Every structure is written in C-alpha cells, then in structure tokens.
Amino acid sequence: MDNDFLNKLGIPRLIISLFLAFLVAAAFSFGLPMGQIFSAMLTRFGMNALLVLAMIPTIQAGAGPNFGLPFGIICGLIGATLAIELDLRGFTAFFFAIGVSIPLGAIAGWLYGLLLNRVKGQEMTVGTYMGFSIVSVMCIFWLMAPYKSPEMVWPYGGDGLRVTVVLDGRMEQLLDRFLSFTVNGVTIPTGLLLATALCCVLLWIFMRTRTGLAMSVVGSNPRFAEASGLNVNKYRLLASVVSCAMGAAGIVIYSQSYGFIQLYQAPLYMALYSVSAILIGGASLQRATITQALIGTFLFNALLVIALPVANVAMDSDISEIMRVIISNGIILYALTRKEVGGDAR
Amino acid sequence: MTGAARLEMKNISKQYYGNRVLKGLSFSVNKGEVLSLVGENGAGKSTLMNILFGMPVIHSTGGFDGEIFLDGEKANIKSPEEAMKLGIGMVHQEFMLLPGFTITENIKLNREITKDSLLSKIFGKPMKWLDLPAMKADARQSMDTIGLGIDEMLPVRGLPVGHMQFVEIARELDKKNIRLLVLDEPTAVLTESDADKLLEAMKILTGKGISILFISHRLDEVMAASDKIVVLRDGEQIAETRPSETTIDRIAELMVGRKIESGEMVGRPPSELKDDYILEIRDLSVAMPGERVKGVNLDVKRGEILGIGGLAGQGKIGIANGIMGLFPSDGDVKKNGKTIKLNAARASLDNAMAFVSEDRRGTGLLLDDSIEFNIVATAIQVQGKFLTPGKVRILDSQAMTGLATNMIQELDIRCTGPGQLTRRLSGGNQQKVCIARAIILEPNLLFVSEPTRGIDIGAKKLILDHLVKLNRDNGLTIVMTSSELAELRSICDRIAIVYQGKLEGILLPTDSDRDFGLMMAGEYHKFHGKEAV
C-alpha cells in the first residue's frame, strides 16, 4: 500500500475501517437485510453529524473537545418541547424548535465559556462534570416546568415531562423523509443529508472568516494571538457559544430523525459519543477538520449500527458488541494520549 | 600532599557536536582563595561549571578533555552527587529552594538529622523521626556564620530575595565537608547593600578555609572580592590576573575582545542620519520576568538600524516586548509625535510597528499551521488582508499561497512548499517565516529580537543581510535586540546598551571594545563621568 496514503489515513482509521468492512462482509454472508442496515448507517450519520461538528470550534480555539455539549443539547430540548407545547407541527415546529434552540444554546455557551476561561488546561475534566451537573439540574426542570401539553406530561398527575416524548405526527423524520428515495433497498434520507451538508458549508465558511481564523490562531498559539492583537478569552468564549448553539440545533435534528425527544438522563453521555466520533475521525485535541468530523461520525455510527445484528446472528454472546466497544474506546484512549502532530496541509 | 592547590583545572576542553566551546582552560585556586570568572554570555562559564559538577549534559555529549585535581588528588566527577561528596557546593542563579518549607528544612534537606522511633525499629531508616532541635541548631550555626540573623523556622516563601540567597549559602555551608563553593552570579538579584553583605560573608567563608569560585558580571565586586581573576572569551582563557595588577576597564576590554573587523561593519556615521525621531521612549518600564525594564529613555532615528545590547537579564529584551504590548508596561512612547497606547498589541500593530519575537517557537509561530498561514495570520487579523471581497469575507487561499511562494523565494526559506508545517522547519527557516510575517504587515518600524539565536551561520548571514537590505531599500527603521555584540556591531548604526533595566549609554559600532565592555558591566560612567548620550 502507498505509504503516504497510509500515513494520511492513520493506523486507527485503518483498523476501524477494516473491522467495519469485516462486519459488513459478515452481515452480507449471514444474509442480513443489507438495505436496512445501510439506510440505518446513513440516517445515524446524519443524525449525529451536527453534534460532532459542534466539537470543531472549541477544539480549534484551544479549549479542547466540548465536553460541556450537554449544556447546549438541553437548550435544544427546551426548544423542541416548546414547539410541542405550542402545538406546532411539521416544518413550523422544526424551525420554531431550531429558532428557539440556537439563541438559548448561545447563551448557555457564553456562560460555559466564561467558566472555561477560568480553568484553562482542564477544560475536558471541568466540561465533563459541568455537563453531568447541568443534566441533573435539568432533571428538576423537566419535572417542575409548567408544560401542559398532554402529549408530553405524565399521563397520571399531569405534572412534569415524560422521559421520552413521541414526535409522531409532529416532526418525526421530517428531514429524513424530505425528498427521500430508495435505491436497491437502501433508503436515502435526502433531507437529512442535505441539512448536514448545509451545516458543513456554513461551518466551513465560518471557520475561514476573519473571526474563524482568529479562533484557530488563538487555539494554535495563544501567545502568537496576543502578539497579533487578538483577545484570547474573547475568541475562546465565542467558540464555546458557537459550539453550544450547534449542539442545540444538533439535538433537534437528532430528535426529529430518532422520532423521540429524550429527556432527563439522556444527554448525559452525548458529549462523549461526539468526542469519540471526532477523535476516531483523526482529529487531535488541538486540531480538527470538517472532514475528520464526517469520517469519524460515519465510522463510529456505522460500527454501532452493524455490530449488534451481526453479533446476534454470529454467536449467542455479545462478543461483537464487546469488540466494538473495545476498539472504539481503545482508539479514543489512543487519540487522547498521543502527542503527534497532524500532517502537512498540502 | 601539602601545598597543593584546593582546585586545579588542567587543560580543560569541551566540544558540543564538533563545536569547541572550551579551549584548553587551566587555572588553580588555593585554600581560602576567591577566584572570579568573568566573561560575556556564552564565553563558557556555565559549561565549565557543568564540568566541575559532573552534570549529565556533559557526559551525555561525549565528556570533556583535561583533568581536575582537588587538593592534589585527581577527581573524576561523573555526577552532581559525586561532586557534593567531594565537597563542592553550588549556589545557583535561580533559587533552588522549596518555598513551602522552613529555612531549617531547606538547609537540612536530604541531610536531615534523624532519631529512632518505634516504627523505625521495625521498618528501618525511612521511618525514623526528624530530630528537629538538632536540625535547628545546625541551621542556626550556618546562618550565624554568614550573619543571617532571621528566625530559622520562617518559611522560605515570602523572604526577600537577598535572604533567600543567604539561605542557599547557609545550606552549602551546612555540608560539613565543603571545600569549594561556586557562587554563580549571586549578586545579580541583590540590592547593593545586600550585595555588600554577601561579599562580607564570602570573606568569612574564605577565613574558614573554604575556596570560592565567583561568577559575576559586576566588575567592581569582582575587583573587591577576588584574589585571582580569570577572563574567558569564546571558550578561551584570555587572561589570569590579580586585582592589584589590573583595572576594571582593562578587564572590560579583555572580556569583549576584538571579534569583528571594521570592514565588516556596515553602520553609517552619525552625520548621515538626521536627528529626526520616529520613536521617542520616555521612562518605559516593562514587567517582563527575567528581563525587567526600569525606566528607559531612548530615541530612535528615522531610517536607522538601532541595536540594543547588554548582558542577559539586564532588560534589553524587555524593551521591544513592552512597546509591542506583550508584557505589562508603563511609560510614554511616542511614534512620529503621537502617543502609542501601551499594553495593547493591537495599538502598536495599527501604528505600523511590527515585531519579530526572540521567543520564536513560543510567540513567533503557529507550529502546527502551514508556512503560508503563519505568514498571513497577523495581516488577516490586523489589516483584513488576504480575504475575499464581498459581504462574507473568507480566506483568499490563492492570494495567501501566491504571497507565501514569493516570500519563500525572496527569503530563501528551505521547505517542501508553502503548505509545510512550520514545526518541521529548521530554526533558521522558522526565523525567516517570522520575518516574512512581520514584513507583510508593511511596518515602518520593525523590532527584531535575537534574530540569529540558535541558527546556523549561513542562515545567520542571510537574515542579517536581509535586514540591512530592508533598511536601505525600503527605508525601514529597525530596532534590533541581540545578545551577540559582534552581530550588533556588524549591521547597526548605533548601539544602545542596557544595564539593570536602564539605558547605560549609546555607542557607535566603531567604539572601542573597552567602552562596550565597561558599558555592559555598568562601569562606563564611573570612568568617563559623562551622562548617557
């Protein structure tokens, strides 16, 4: 194999891709419904892409992967539940949810950014526990908030939201079904993929504006940034704002595709999945690109989709699922500990 | 063997990767004598001390040639522990004390006096208790010897620096076998009165038969305290003399030496430069750790290359860093008569000033970004260049790559292309990237600090030549700070010497070595009795 290509791909990506290819081959030989599996891969890719892309601003600004993503996610959940509370349906509900989520997420990101600027160097640990705490605080909110919609509150008592809110008839798979079509048994979630592409383009443009470039200068070398007249804390704050706003919008897209809004403890580990995905994609804790985010999202979710059915057929035990967990977590560990720098830009 | 010298170093030579940094040094110190080592930064003093202490850096780079004798016995010092066992003590320039511990604990560190406890009878030595009263008594004794009258149980944190220095000396003194004490610039951080006390303490020590190797840049102290003076320059032993046989200005001259022929100097005579000032600095103080500036007044003429020189730690580096807003500063800086806002990097950049930092990897580069992005990054932020036109302005990669390709050619940056990460470049090429970044800001005043530090000779010359070219062709005013006097003298029109955070004076590159040496040692005005130019 071409050595350059191998270097660019990176050994972790190679291992994961081979493992994925092996699972696909196995699934095929077991006669599993490949159409369904591939459709699920595409859908899960689209569902998670924005949540993973949300890692890029904070990584580039030097604050590491945004472990405080649940803070933004919760804002998205508030937006989505409000849409139902107001009895909105279809795209109205969807855009209302997004419209409420983004400013709320931005405020959350601003608060979180203030915290991050005080704990430079420990963003990952502080972010994780910040996420955990806010999820718990919000459990109280979900119980106490004066929501009235009978679709969401507990059927008995009539107080507090349910653990999962069904989006059936509201905005379930709104994007997924938009312009979707089926080829060889594989359903393409066109709307979802288009939305993902749009997010990528917007993020790409943003990261190349003066502000976006400043952000990446700040992350690359804060002393350099100061010498260039940049306010380091300001750009770190901004990165956190953008990241949390993306997380907020991301969970709305995720929920509509999933068909449920998951409340209470559900956002707890969402940040970890996103961090894992982007690291698997080849990003480091200091530098991340959109391509890396997309590759990582695909690999991570494709493995997730295919591992279980293969395991169920292949053996009685869950060894394949265990393998998946070992490999993906092993790669996260590798990504978190390595010191190497990325390849040349060209 | 009676009558042998306490320390004798015979024909000491050392190479680092084929680069000879010590060339056959030989000298000796008798019992109870003070020998001073003087020389510029890089003259070889630290290497010599590292050899004496058996530092790993010496042995991991191929050892050294020559012999060391202690009291007539050949000493084969392979590690700092062995040096200590042989009775060699060292007081460092930076304090090696544990701030949270008391003075006693610091003095007795790793040599604690212990007594048996119940646990130690079972588990052995590590479980013994400290015999604090005995330790206190020991510490007290050492401190009294050098006249340090403070409580021995005070924590080190919060002590005045002068006292910390004495605690270090007390610690060395407490080692009962101490024969030879090395004081590496002990007075650099002391006030004058503390320094005087230290010199007195040295007399007490020599009175007890301890020999002292004294390293200092303050020549008056050297004259006052030494029995012998050894002058080093570029790893060579230039002279060995006694204070009674020499004068301060003679030592200064020896230290600097002629390293440069007048034909290599491109600086212009003062008559060619008008008294038209582009920058007026008044009472500038900069809180840059290790390079503090304490009230500098300096004028920069339009179109000149002004050098700022001085020994390490005297504050020369702080001046440019302060003006460019990288360290907290105070004072009044006017460019073209207009006051520049201090502590704001942006204000300095907006006023057509640019800076090539001495901290190349720390401040000067985005190591994990491409050469091209490094070159344009500041211009994008400060001047909005290299962005596409229109409402949403994004990075114009074509313009960026085009410019970077030109710069690579112009400055002869050796790389695989404009996309290469700067981390992978050699020091010289990294420096060229830094210079390119500063130039494209189109400044009319450029600060360059230590432009050739850690760079091979070829790249050095290219960089200096390019600075001269920028100055002559584009009329760019350059303020170059450097530790290498020879380099300053080769391209500057005038050279300002900084001593103890203040401007000591301004010399022409053609002025005598003696004047440079005196000025860097802060002795110039005592001899010439005239005010700073």
Response to the item:
Considering the range A:20-74, residues that are surrounded by 21 or more Cβ atoms within 10 Å (Cβ to Cβ) and of a type in the set (Ser, Thr, Tyr), and then whichever is farthest from A:Gly259 (Cα to Cα), we arrive at A:Thr58
Worksheet entry | Qualifying position, being under 17 Å from B:Ile204 (Cβ atoms) and surrounded by fewer than 13 Cβ atoms within 10 Å (Cβ to Cβ), among B:Gly147, B:Gly162, B:Gly158 | B:Gly147
Worksheet item: Given the conditions (1) farther than 20 Å from B:Leu488 by Cβ; (2) over 20 Å from the mean Cα position of the chain (by Cα); (3) at pLDDT 90 or above; (4) in the same structural domain as B:Ile506 (by TED's automatic domain parsing), and given that B:Leu279 satisfies all but one, which numbered condition is not satisfied?
Response: (1)
Fill in: Extreme residue, modelled with the lowest pLDDT, among residues of the range A:80-92 that are in a helix (DSSP H, G or I) and surrounded by fewer than 24 Cβ atoms within 10 Å (Cβ to Cβ)
A:Gly90
Discussion item. If B:Ala459 meets every condition in (1) within 19 Å of B:Val266 (Cα to Cα); (2) touching a residue at least 60 places away in the same chain (Cβ under 8 Å) apart from one, which number is that one?
Written reply: (2)
Worksheet, complete the sentence: Counted residues in the range B:357-410 being among the small types (Gly, Ala, Ser) and more than 14 Å from A:Arg223 (Cβ to Cβ) come to 8
Worksheet entry | Sole exception among (1) assigned to a helix (DSSP H, G or I); (2) on the phi > 0 side of the Ramachandran plot for A:Leu238, by number | (2)
Practice prompt. Filter the range B:380-391 down to residues that are more than 7 Å from every other protein chain (Cβ to nearest Cβ) and in contact with a helix residue (DSSP H, G or I) (Cβ under 8 Å, 6 or more places away or on another chain), then give me how many there are.
Written response: 2
Worksheet item: Has the range B:483-501 got any residue that is over 24 Å from B:Ile323 (Cβ atoms), without any contact (Cβ under 8 Å) to a residue 12 or more places away in the chain and within 23 Å of the chain's Cα centre (by Cα)?
Response: no
Worksheet entry | Flag for B:Val333 being touching a helix residue (DSSP H, G or I) at 6+ places or on another chain (Cβ under 8 Å), at pLDDT 90 or above and either among the hydrophobic types (A, V, I, L, M, F, W, C) or on the phi < 0 side of the Ramachandran plot (or both) | yes
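Of these, A:Gly169, A:Gly157, A:Gly121, A:Gly131, which one is of a type in the set (Gly, Ala, Ser), more than 14 Å from chain B (Cβ to nearest Cβ) and either assigned to a strand (DSSP E or B) or surrounded by 15 or more Cβ atoms within 10 Å (Cβ to Cβ) (or both)? It would help to see each step written out before you state the result.
Details: A:Gly169 fails: either assigned to a strand (DSSP E or B) or surrounded by 15 or more Cβ atoms within 10 Å (Cβ to Cβ) (or both); A:Gly157 fails: either assigned to a strand (DSSP E or B) or surrounded by 15 or more Cβ atoms within 10 Å (Cβ to Cβ) (or both); A:Gly121 fails: either assigned to a strand (DSSP E or B) or surrounded by 15 or more Cβ atoms within 10 Å (Cβ to Cβ) (or both).
Exactly one of A:Gly169, A:Gly157, A:Gly121, A:Gly131 is of a type in the set (Gly, Ala, Ser), more than 14 Å from chain B (Cβ to nearest Cβ) and either assigned to a strand (DSSP E or B) or surrounded by 15 or more Cβ atoms within 10 Å (Cβ to Cβ) (or both), namely A:Gly131.
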Worksheet entry | Within the range B:339-360, considering residues that are in contact with a helix residue (DSSP H, G or I) (Cβ under 8 Å, 6 or more places away or on another chain) and at the interface with chain A (Cβ under 9 Å from one of its Cβ atoms), the one surrounded by the fewest Cβ atoms within 10 Å (Cβ to Cβ) | B:Asp350
Discussion item. Restricting to the range A:217-235, and then to whatever is in a helix (DSSP H, G or I) and touching a residue at least 12 places away in the same chain (Cβ under 8 Å), can you tell me which residue is nearest to B:Phe373 (Cα to Cα)?
Written reply: A:Val217
Worksheet item: Which one is surrounded by the most Cβ atoms within 10 Å (Cβ to Cβ), of the residues in the range A:188-214 that are in contact with a Leu (Cβ under 7 Å, 6 or more places away or on another chain), facing another protein chain (nearest Cβ under 9 Å) and not hydrophobic (A, V, I, L, M, F, W, C)?
Response: A:Arg208
Worksheet entry | B:Val57 closer than 27 Å to B:Met223 by Cβ and under 25 Å from the mean Cα position of the chain (by Cα) | no
Discussion item. Surrounded by 20 or more Cβ atoms within 10 Å (Cβ to Cβ), over 12 Å from B:Ile440 (Cα atoms) and more than 7 Å from chain A (Cβ to nearest Cβ): which single residue out of B:Ile371, B:Ile375 fits that description?
Written reply: B:Ile371
Worksheet item: Within the group A:Val305, A:Val252, A:Val310, A:Val275, which residue is closer than 26 Å to A:Thr209 by Cα and either of a type outside the set (D, E, K, R) or in a helix (DSSP H, G or I) (or both)?
Response: A:Val275
Practice prompt. Would you confirm whether any residue within the range B:354-372 is over 30 Å from B:Thr416 (Cβ atoms) and either among the small types (Gly, Ala, Ser) or within 20 Å of the chain's Cα centre (by Cα) (or both)?
Written response: no
Worksheet entry | Failed item in (1) more than 20 Å from B:Thr481 (Cα to Cα); (2) under 24 Å from the mean Cα position of the chain (by Cα), with B:Glu291 passing the rest | (1)
Fill in: Residues of the range B:41-53 that turn out to be touching a strand residue (DSSP E or B) at 6+ places or on another chain (Cβ under 7 Å) and modelled with pLDDT of 80 or more, as a count
8
Response to the item:
Flagged in the range B:159-178 as assigned to a loop (DSSP other than H, G, I, E, B) and within 25 Å of the chain's Cα centre (by Cα), in numbering order, are B:Leu159, B:Pro160
Response to the item:
Taking the range B:392-409 and keeping residues away from chain A (no Cβ under 11 Å) and over 42 Å from the mean Cα position of the chain (by Cα) leaves B:Gln398
Worksheet entry | Failed condition for A:Trp110, given (1) surrounded by 14 or more Cβ atoms within 10 Å (Cβ to Cβ); (2) part of a strand (DSSP E or B) | (2)
Item to complete: Check off (1) within 26 Å of B:Val167 (Cα to Cα); (2) at pLDDT below 85 for B:Ser79 and give me the number that stays unchecked.
Response: (2)
Worksheet item: So which residues in the range B:417-462 are within 14 Å of chain A (Cβ to nearest Cβ) and among the basic types (Lys, Arg)?
Response: B:Arg423, B:Arg424, B:Arg437
Practice prompt. Tell me which residues, restricted to the range A:194-216, are hydroxyl-bearing (Ser, Thr, Tyr) and part of a helix (DSSP H, G or I).
Written response: A:Thr196, A:Thr211, A:Ser216
Response to the item:
Only one of (1) crowded, with 24+ Cβ neighbours inside 10 Å; (2) farther than 30 Å from B:Leu326 by Cα; (3) within 14 Å of another protein chain (Cβ to nearest Cβ) does not apply to A:Thr289, and that is (1)
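Restricting to the range B:296-312, name every residue that is within 20 Å of the chain's Cα centre (by Cα) and either within 14 Å of chain A (Cβ to nearest Cβ) or over 19 Å from B:Val356 (Cα atoms) (or both).
Taking the range B:296-312 as the starting set, the residues that turn out to be within 20 Å of the chain's Cα centre (by Cα) are B:296, B:307-312.
Passing the criteria: B:Val296, B:Leu311.
The values are calculated or read from the model by the stated rules, or taken from the named source; none is laboratory data. It should be emphasised that the depicted structure is a prediction, and the values quoted were computed from it without experimental measurement. Every residue, glycine among them, receives a Cβ derived from its backbone with ideal geometry; neighbour counts consider all protein chains shown.
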